[in-house]
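Here's the structure we're looking at; comments come further down.
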Amino acid sequence: MITFHNPLHQGHAPVHEFFRGERVPCFEKPARVDYVEEALHARGHGMSAPDVDSSPVLAQVHAPRYLAFLQTAWQQWLALDPVANAAVQPFPSVWPVRTLRSDVEPDNFVARLGLYSMDNGTPMAAGTWAAAKAGADAAASAAARVGQGARAAFCCTRPPGHHAGPDFMGGYCFLNNAAVAAQALRNQGARRVALLDVDYHHGNGTQSIFYDRDDVFFVSLHGDPRTEYPFYLGHADEVGEGKGTGYNLNLPLPAGTSAATWFAALEQACTRIAGYQADALVISLGLDAFEGDPISRFALASSDFTRLGERLARLDLPTVFVLEGGYAAAELGTNAVNVLDGFEQA
């Protein structure tokens, strides 16, 4: 398994976030990838630094003014008060909801932050842009290897990406790594790409990016949005629009779903992917379906992630794995490598 890591991920290390209205220590922290890298090393997997610049692909999946904001957001924040703001994390406090305009970018920094945010739980730090960009580079590098003939590649990076939409951040995500991988595969000649998201939380950003397209088939298994984040997207009746009608499949599942029920939904997803006749596959590899995850409520055991990898291998497609969520500390590494080893050994 070819693995790309993110040498700059530790620069994105905010201290706290807001979780359901309460200020709490960040769940999405550098230790997440450290645990995965330790597990990769323990099982003999090597890692490479990214060697592809994702900038051209980022311009295809994200809006120019959003990218421009992200690149300079921390500098804009410091410019307001270089001394005080260096030690303060900025959070939005107002959002352009229904009837409010989003076409005019405000001069006020906090208002601009709200314009580009879907929540107030996605904190920034000094190294956020560098970490997010390097993660997108890792995704583009993984896609390049698969496009050149490798069976599979793994993008081991943070922050995650699947909640980031064309022009917004959210859910700890700033740049959509899975969308970068899918678009890069298309650019390299893949006629059709299937993108399967197995994170506990619906990949609303990925769905938004590809919702009106028929060249990327998005499939997601996730907690029912009536009770689980991101709440406002991920329902079963969202099937795509325009050319994309029929190329978006959501399989929402209730909290407490058993492994047996989850794998039945996975089988439904794999059947649809097989029928799509894709040339390549991208997996948004969220690992928070794990029974011990602190902010999710599915019941997969560590051994089930090996089974997941085995089932994905039977799709027999060139595959890019992109790390998304999962917050169970040491078990995160075990579960990630179980998927990769299950895939390789199938």
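Couple of notes before you dig in:
- Of all residues in the stretch 98-118, those satisfying the criterion of being open to solvent by 10 Å² or more (accessible area, probe 1.4 Å) and either in contact (Cβ under 8 Å) with a residue 60 or more places away in the chain or not charged (D, E, K, R) (or both) are Thr99, Leu100, Ser102, Val104, Pro106, Asn108, Val110, Ala111, Leu115, Ser117, Met118.
- Residue that is modelled with the lowest pLDDT [pool: residues in the stretch 4-25 that are in a strand (DSSP E or B) and over 17 Å from the mean Cα position of the chain (by Cα)]: Phe19
- The residues of the stretch 298-335 that are more than 23 Å from Asp34 (Cβ to Cβ), in contact with a strand residue (DSSP E or B) (Cβ under 7 Å, 6 or more places away or on another chain) and open to solvent by 20 Å² or more (accessible area, probe 1.4 Å), listed by number, are Leu315, Leu317, Pro318.
- Residues of the stretch 161-183 that turn out to be part of a loop (DSSP other than H, G, I, E, B) and of a type outside the set (Asp, Glu), as a count: 10
- Restricting the stretch 194-214 to residues that are open to solvent by 10 Å² or more (accessible area, probe 1.4 Å) and touching a helix residue (DSSP H, G or I) at 6+ places or on another chain (Cβ under 9 Å) leaves a set whose member that is farthest from Gly161 (Cα to Cα) is Asp214.
- Residue within the stretch 62-83 that is over 21 Å from Leu175 (Cβ atoms) and among the small types (Gly, Ala, Ser) present: yes
- On inspection, Asn6 qualifies as touching a Ser or Thr at 6+ places or on another chain (Cβ under 6 Å) and polar (S, T, N, Q).
- Options Arg186, Arg191, Arg158: the member that is of a type outside the set (A, V, I, L, M), assigned to a loop (DSSP other than H, G, I, E, B) and open to solvent by 10 Å² or more (accessible area, probe 1.4 Å): Arg191
- Candidate set: the stretch 57-71, residues that are touching a residue at least 40 places away in the same chain (Cβ under 8 Å) and open to solvent by 20 Å² or more (accessible area, probe 1.4 Å); chosen: the one farthest from Gly127 (Cα to Cα): Gln60
- Exactly one residue among Thr257, Thr227, Thr261, Thr271 is of a type in the set (S, T, N, Q), in a loop (DSSP other than H, G, I, E, B) and open to solvent by 30 Å² or more (accessible area, probe 1.4 Å), and that residue is Thr227.
- Residues that are open to solvent by less than 10 Å² (accessible area, probe 1.4 Å) and not in a strand (DSSP E or B), drawn from the stretch 280-292: Gly286, Leu287, Asp288, Ala289
- Residue check for Val33: crowded, with 17+ Cβ neighbours inside 10 Å, part of a helix (DSSP H, G or I) and either modelled with pLDDT under 95 or β-branched (Val, Ile, Thr) (or both): yes
The values are calculated or read from the model by the stated rules, or taken from the named source; none is laboratory data. Predicted model only: the values in this text are computed from it and were never measured. Virtual Cβ from ideal backbone geometry, glycine too; neighbours counted across all protein chains shown. What goes into the accessible areas is simple: the full protein's heavy atoms, side chains included, and nothing from ligands, DNA or RNA. Shrake-Rupley method; radii C 1.70, N 1.55, O 1.52, S 1.80 Å.
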